[in-house]
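Undergrad: One structure, pasted below without further comment.
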Amino acid sequence: MLIKNLSRVAAPALLAILLSGCSTSKNKADTLYVARDVSTLYNSGKARLDRGQYKLAAALFDEVERQHPYSPWARRAQLMSAFSYYLNRDYAESISASQRFLSIHTGNKDAPYAYYLIALCYYEQIADVTRDQKITQQSLDALGELIRRYPDTRYAADARLKVDLVNDHLAGKEMEVGRFYQRRGQWLAATLRFRAVIDKYQTTTHTPEALERLVESYLSLGIPAEAQKAAAVLGRNYPGSEWYERSYKLMERHGGKA
């Protein structure tokens, strides 16, 4: 019971410290006391958000939910908290707040936006192609979930554009690993990576190179018939590309036709 009572005191006290530490003398009196009515508390969070004080805004919106959990303002505050964390690049907190909103308000009209925020949080963390791509895959999964659930929303329209970019990124990772195996003479392992690009990411910018690399790998493995098939697909779909020119020269050198 003592621990429970302490937590009730600690939360507003901690928020007061955060607010007072970042306040100027002009607004200090307005921010020290946080046990306020719901509209005042919500509007304080909105004011902080408008000033670009995103972390403090998120803390105030969280207080709306904590102090007034059954108020209609609490639902709105949950999303505003998630948005504030997102603007502050506290992506884990934003995802958590969005997921909490969805767990309580599954069928709410703002649910598509909550899914969109989750997808954005993963999308904006995508690292360069030479690093681990776990976040990239999480971004793709979140974008796909949004599109599947709410295909006709404007959020889904933007998600589709981002899916193309994410797929290009994942294909780039496969290519990077495939080229690594090629340099080491591990032709079978390289072939599996290049085939993955063609099978899973065929609409990306990496497909022409993947086909040409397959020609190289198949020839190195001693299976020119497969190399010729890859070269033919490359010639049919990307006849003017530098990758087709390279594959054509390779096939000529090995006595085959591209």
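Undergrad: Taking only pairs six or more apart or across chains, which ones have beta-carbon atoms under 8 Å, a first residue in segment 47-74 that is closer than 13 Å to Leu87 by Cβ and open to solvent by less than 20 Å² (accessible area, probe 1.4 Å), and a second residue that is part of a loop (DSSP other than H, G, I, E, B) and among the acidic types (Asp, Glu)?
TA: Hits for this filter: Ala58/Asp90.
Undergrad: Which of (1) at pLDDT below 90; (2) within 26 Å of Ile118 (Cβ to Cβ); (3) open to solvent by 50 Å² or more (accessible area, probe 1.4 Å) is the odd one out, the single condition Ser7 does not satisfy?
TA: (2)
Undergrad: What residue, of Pro239, Pro224, is surrounded by fewer than 21 Cβ atoms within 10 Å (Cβ to Cβ) and either at pLDDT 95 or above or more than 37 Å from the chain's Cα centre (by Cα) (or both)? Outline the logic, then answer.
TA: Working: Pro239 fails: either at pLDDT 95 or above or more than 37 Å from the chain's Cα centre (by Cα) (or both).
Among Pro239, Pro224, only Pro224 is surrounded by fewer than 21 Cβ atoms within 10 Å (Cβ to Cβ) and either at pLDDT 95 or above or more than 37 Å from the chain's Cα centre (by Cα) (or both).
Undergrad: Filter segment 190-206 for residues that are open to solvent by 30 Å² or more (accessible area, probe 1.4 Å) and part of a helix (DSSP H, G or I) and give the result.
TA: Leu192, Arg193, Arg195, Asp199, Lys200
Undergrad: What are the residues in segment 207-229 that are β-branched (Val, Ile, Thr) and outside any helix (DSSP H, G or I), if any?
TA: Hit for segment 207-229 is Ile223, nothing else.
Undergrad: Further question: Could you list, in sequence order, the residues of segment 126-164 that are of a type outside the set (Lys, Arg), at pLDDT below 90 and open to solvent by 50 Å² or more (accessible area, probe 1.4 Å)?
TA: Result: Asp128, Thr130, Asp132, Gln137.
Undergrad: Kindly check whether there is at least one residue in segment 94-115 that is in contact (Cβ under 8 Å) with a residue 40 or more places away in the chain and either open to solvent by less than 50 Å² (accessible area, probe 1.4 Å) or among the β-branched types (Val, Ile, Thr) (or both).
TA: Within segment 94-115, one or more residues are in contact (Cβ under 8 Å) with a residue 40 or more places away in the chain and either open to solvent by less than 50 Å² (accessible area, probe 1.4 Å) or among the β-branched types (Val, Ile, Thr) (or both).
The values are calculated or read from the model by the stated rules, or taken from the named source; none is laboratory data. Keep in mind that this is a model prediction, so the values were computed, not measured. A quick note on method: Cβ atoms are made from the backbone with ideal geometry, for glycine too, and the neighbour counts reach across all protein chains shown. In case anyone asks, the SASA skips ligands and DNA or RNA and just uses the protein heavy atoms, side chains included. Shrake-Rupley method; radii C 1.70, N 1.55, O 1.52, S 1.80 Å.
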